[in-house]
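The values are calculated or read from the model by the stated rules, or taken from the named source; none is laboratory data. These numbers were taken from a predicted model, which means no experiment stands behind them. Heads up, the Cβs are rebuilt from the backbone with ideal geometry, glycines too, and the neighbour counts pull from every protein chain shown.
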């Protein structure tokens with residue numbers, strides 16, 4: 001099974017937005033707002049939707065922080081992590097999926113590595129953002145084609 005995951009790093013005044021998972025095997029761990037790409041959705045649209053669904057914030061993608069490929073015996077996960085610009089902050093979330101949403105500094109995130117869903121990956125990705133090692137969205141070509149109605 002192939003799975004595409006999309007998410008975003010949002011920064012405001014030197015702090016990064018994380019969500020605390022409230023279900024499944026990752027319950028109680030902090031994560032970057034992210035989730036599965038839906039059918040007929042571009043990777044940038046999916047990242048914006050996931051950020052909104054998990055935090056209530058609207059944002060736009062401005063760059064690519066990382067692309068990760070994790071291969072398991074029964075699953076191939078490809079994750080696109082975007083640098084995102086916060087457009088409107090209105091923290092709201094479904095408490096069945098998310099327990100908490102909060103802003104943390106990079107140092108606070110490093111200090112809570114035992115509470116992170118994928119500590120090494122998230123810390124490295126946030127460090128890339130801090131160091132402005134962001135790839136341009138221009139490296140992604142996205143085209144939308146009409147469905148064949150025959």
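Residues checked against (1) under 22 Å from residue 140 (Cα atoms); (2) at pLDDT 95 or above:
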site	(1), (2)
8	yes, yes
18	no, yes
24	no, no
29	no, yes
37	yes, yes
44	yes, yes
48	yes, yes
58	yes, yes
61	yes, yes
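Using the structure shown, decide if residue 127 is assigned to a helix (DSSP H, G or I), touching a residue at least 12 places away in the same chain (Cβ under 8 Å), exposed (fewer than 15 other Cβ atoms within 10 Å of the Cβ) and over 14 Å from the mean Cα position of the chain (by Cα).
Here the answer is yes, as residue 127 does meet what is asked.
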Inset, instruction - Restricting attention to strands (runs of 3 or more DSSP E) lying wholly within segment 1-118, give those where 2 or more residues are in contact (Cβ under 8 Å) with a residue 24 or more places away in the chain and under 13 Å from the mean Cα position of the chain (by Cα). - result: 2-12, 15-21, 34-36, 58-71, 76-88
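Out of the residues in segment 130-150 meeting the condition of being assigned to a helix (DSSP H, G or I) and free of Cβ contacts under 8 Å to residues at least 40 places away in the same chain, tell me which one is farthest from residue 83 (Cα to Cα).
From segment 130-150, those assigned to a helix (DSSP H, G or I) are 130, 137-139; that's our starting set.
Narrowing the set further to residues that are free of Cβ contacts under 8 Å to residues at least 40 places away in the same chain leaves 130, 138.
Numbers: 130: 11, 138: 13 Å.
Of everything passing the filter in segment 130-150, 138 is farthest from residue 83 (Cα to Cα).
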Inset, instruction - With respect to residue 122, determine if the residue is within 14 Å of the chain's Cα centre (by Cα), without any contact (Cβ under 8 Å) to a residue 40 or more places away in the chain and assigned to a helix (DSSP H, G or I). - result: no
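Do the conditions hold for residue 140, that is, is it surrounded by 13 or more Cβ atoms within 10 Å (Cβ to Cβ), at pLDDT below 90 and more than 14 Å from the chain's Cα centre (by Cα)?
Working: surrounded by 13 or more Cβ atoms within 10 Å (Cβ to Cβ): yes; at pLDDT below 90: yes; more than 14 Å from the chain's Cα centre (by Cα): yes.
So residue 140 passes the test.
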Inset, instruction - Could you tell me which residue of segment 103-124 is farthest from residue 52 (Cα to Cα), considering only residues that are surrounded by fewer than 16 Cβ atoms within 10 Å (Cβ to Cβ) and in contact with a strand residue (DSSP E or B) (Cβ under 6 Å, 6 or more places away or on another chain)? - result: 115
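Do the conditions hold for residue 135, that is, is it in contact with a helix residue (DSSP H, G or I) (Cβ under 8 Å, 6 or more places away or on another chain) and either buried (at least 16 other Cβ atoms within 10 Å of the Cβ) or modelled with pLDDT of 90 or more (or both)? Let's see the steps before the verdict.
Numbers: in contact with a helix residue (DSSP H, G or I) (Cβ under 8 Å, 6 or more places away or on another chain): no; either buried (at least 16 other Cβ atoms within 10 Å of the Cβ) or modelled with pLDDT of 90 or more (or both): yes.
Criteria not met by residue 135.
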